[in-house]
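*Asks:* Before I ask anything, here is the structure I am working with.
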Amino acid sequence: MMNKTYTILLVMLFCMSNKTQSQNPGNLNNYFSIGISGDSADVSTPTQFGVVLMGGSTDVDEALQWMIKLSGGGDFVILRASGSTGYNDYIKELGSLNSVETLLLDSREKAMSQKVGDRIRQAEAVFIAGGDQWNYVNFWSNSEVSAALRYLIHEKKIPIGGTSAGCAVLSGVCFDARHDTSISKEVLLNPFHQSVSLSKSFIEIPILANTIADQHYSQRERWGRHLVFMARIASASELINGIGVDEKTAVCVDNAGNASVFGKGTAYFLAPKSIPEQCVENNPLTWNNNGKAIATYTFNGSTNGTAAFNLNKWPTEQPNQYWSVTAGTLKITNVK
C-alpha cells in the first residue's frame, strides 16, 4: 500500500513539473521567456511579411488576427522590457497558432544573449508590447535582438507589429523618449526642447524607412509634437513622412506596401510639401508654405480594414486636410 501511494505521489510531482515547464519555460532556458501558451517545440510555417502600427490602449483584435494569418499559424513571440504575460492567452485565443511566448528583455545583458537571438529567429510573428521606447532603444540597439529582428524581416519575412512604445520603434526614425515624453505646446515653442530626442531605427523596416510614427495621437493631442519631429528631421537632412495612429486603432501594411486601417479611431498620414521656414533653438516653429506645409490624409478604422493607399508611393492628389504652423501655433485646414 505504501509503495502504491509513493508511486502516485511521484506521478503527481512529475505532472506538476511538466506543467510548470510549459507555463514558465524561463526557469529552464537562457533566453528569458516568462511564459508560453501552446507547444514549446519549434515549428516552421510559411510566412508573409507585414507590419502593424498600433496606437495604444485597447489592442485591435482584427490587426492581430491579420498577423496570425500572415504567420501561417506558427510561433508568435511577444517582446517587452517590462510587464508580464498578458498577451499569451489573449493572442492564442484569437486564431490558430502553435504557441504564443513572451520574452522579458529588460537589460543590455539579456539583449546581447545569443540564446535570445536564436529563439527570436524561430518566430513566425513578433509583436513589441507597450512600455518605454527608450528601454527598447537603449537595451536592444546593436544587439542580438536587433540582429534577429532584421533577419526575420529581410530574410524570413514574417509579420511584425507593435503598440504604443512598440509602435514607435518600428518606424525608420523614432521619438525615443530618452528624456521622457514631449508635449506639443512646449515643443512647438521650441523645437529643440530637451525632450525632443530622435533615433534611427534599430529594426530597419524598408517600407517605413522614410517615416516617423506617433501614437495615442488624438487622445494626447500629439499632432504638434509630431510636426516638430518631422521639422527637426527636415531641417537636418530631408523631408520625412509621418504616420499618426489613434488609440484602439492599427495601420496594417502588407508585403506590397498596401495600408489598411483597423479599429475604432483614425490614422493620419502626413506628407510634407516644403521645408520649415524656421526651426531653430529657443524660437517657435514656423512651417507654413502658405498654409499648405503638410498634406494630411485621414482614414477611419473599421472591422474589415479601411483601405488607405500604397506606402511605396504616397498620394499626390488633394488631401483631407492641410496642416501648418506659424510662430508655434498649429492650424488645421479642412479641404472641401
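The values are calculated or read from the model by the stated rules, or taken from the named source; none is laboratory data. Just so you know, these numbers come straight off a predicted model, no measurement behind them. Here Cβ is always computed from backbone atoms with ideal geometry, including for glycine, and neighbour counts include all displayed protein chains. Only protein heavy atoms, including side chains, enter the accessible area calculation; ligands, DNA and RNA are left aside. Shrake-Rupley method; radii C 1.70, N 1.55, O 1.52, S 1.80 Å.
*Asks:* Which whole-number percent is the relative contact order of the chain (Cα, under 8 Å, 6+ apart)?
*Replies:* 15
*Asks:* With only Lys, Arg, Asp and Glu charged, each at its Cβ (+1 for the first two, -1 for the last two), find how big the charge dipole of the chain is about the Cα centre; round to the nearest 20 debye.
*Replies:* 220
*Asks:* Ignoring ligands, DNA and RNA, please state the percent of accessible area on the chain from carbon and sulfur, probe 1.4 Å.
*Replies:* Reported share for carbon and sulfur atoms: 49 percent.
*Asks:* Under 5 Å between amide H atoms, partner at least 5 residues away or on a different chain: which partners does residue 293 have, H built in plane at 1.01 Å?
*Replies:* The list, which skips near neighbours in sequence, is 323.
*Asks:* Which ³J(HN,Hα) values in Hz, rounded to whole numbers, follow from the phi angles of the range 269-275 under the Karplus curve 6.51 cos²θ - 1.76 cosθ + 1.60, where θ = phi - 60° and Gly and Pro get x?
*Replies:* 10, 10, 10, x, 10, 7, 8
*Asks:* If you count the DSSP beta bridges with both ends in the range 136-292, what percent of them are antiparallel, to the nearest 5?
*Replies:* So the antiparallel bridges amount to about 70 percent of the total.
*Asks:* Further question on the same structure: With r defined as the distance between the Cβ atoms of residue 273 and residue 218 and R0 fixed at 25 Å, what FRET efficiency is calculated, to the nearest 0.05? Show your work: numbers first, answer last.
*Replies:* Values: r = 23 Å, r/R0 = 0.90.
Calculated value: 0.65.
*Asks:* With every protein chain kept in place and ligands, DNA and RNA left out, what is the accessible area per residue of the range 98-192? Probe 1.4 Å, answer in Å².
*Replies:* 34
*Asks:* Just the number, please: percent antiparallel of the DSSP beta bridges in the range 182-273, rounded to the nearest 5.
*Replies:* Antiparallel: roughly 70 percent of the beta bridges in the range 182-273.
*Asks:* For the chain, what percent of Cα pairs sit more than 31 Å apart?
*Replies:* 34
*Asks:* Please state the shape class of the range 231-302: rounded when a/c is under 1.5, otherwise prolate if a/b exceeds b/c and oblate if not, all from the C-alpha gyration tensor.
*Replies:* Numbers: a/c = 2.54, a/b = 2.13, b/c = 1.19.
Prolate shape, in that a/c is at least 1.5 and a/b is the bigger ratio.
*Asks:* Most mobile of 43, 173, 137 per a Gaussian network model of the chain (Cα springs, under 10 Å)?
*Replies:* 43
*Asks:* Sticking with this structure for a sec: Shape of the range 40-132 from its Cα gyration tensor (a ≥ b ≥ c, root eigenvalues): rounded if a/c is under 1.5, otherwise prolate when a/b > b/c, or oblate?
*Replies:* oblate
*Asks:* Okay, next question. I'd like to know which of 230, 105, 293 lies farthest towards the positive end of the charge dipole of the chain, counting +1 on Cβ of Lys and Arg and -1 on Cβ of Asp and Glu.
*Replies:* The residue sitting farthest along the positive end of the dipole is 293.
*Asks:* Nothing charged except the Cβ atoms of Lys and Arg (+1) and of Asp and Glu (-1): what's the magnitude of the dipole of the range 156-236 about its Cα centre? Round to the nearest 20 debye.
*Replies:* That gives a dipole near 160 debye.
*Asks:* Hey, can you find the accessible area per residue of the range 241-296 for me, probe 1.4 Å, expressed in square angstrom?
*Replies:* 36
*Asks:* Sort the following peptides by mean Cβ neighbour count (other Cβ atoms within 10 Å, averaged over residues), highest first: 214-221, 272-279.
*Replies:* 214-221, 272-279
*Asks:* Which cross-chain or sequence-distant (5 or more) residues have an amide H under 5 Å from the amide H of residue 125, H modelled 1.01 Å from N in plane?
*Replies:* Under 5 Å from the amide H of residue 125: 75, 77.
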